[in-house]
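To start, the structure under review is shown below, and the notes come after it.
Bear in mind that the values in this text are calculations on the coordinates, not laboratory data. All values derive from a computational prediction rather than experimental measurement.
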Amino acid sequence: MARAAKRLVICLDNAGYEASLERRKIYVAIPDARAARFGQIRVIDESGEDYLFPEKNFLRLDLPVAERRAVLRT
């Protein structure tokens, strides 16, 4: 079975999640169809674990392949 592609997102608002998220930082989001139905997004936060956050707090990044790979390597 193929793995779902990770997405890159930028945190626009971390109100209420200051210990978990930094504003203007790029995060990896893991596709979660069930969470999306409830307006949530699954993001790997500062702890290195994935948690659900309000989707409205993030902006999806659509980067060219080379740049996306470079960001994911860091």
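Rounded to the nearest 500, the 222 nm mean residue ellipticity of the chain from helices alone is -4500 deg cm²/dmol, with -39,500 (n - 2.57) taken per DSSP H run of at least 4 residues.
Computed over the chain, relative contact order equals 30 percent, with contacts defined as Cα pairs under 8 Å that lie 6+ residues apart.
Which value, in Å to one decimal place, does the Kirkwood hydrodynamic radius take for the chain when every pair of different Cα atoms is included? All intermediate terms of the calculation are to be shown ahead of the outcome.
Values: mean 1/r = 0.0788 Å⁻¹.
After inverting the pairwise mean of 1/r, the radius is 12.7 Å.
Distant-in-sequence amide contacts of L61, defined by a placed amide H-H separation under 5 Å and a gap of 5 or more residues or a different chain, comprise L8, V9, I10.
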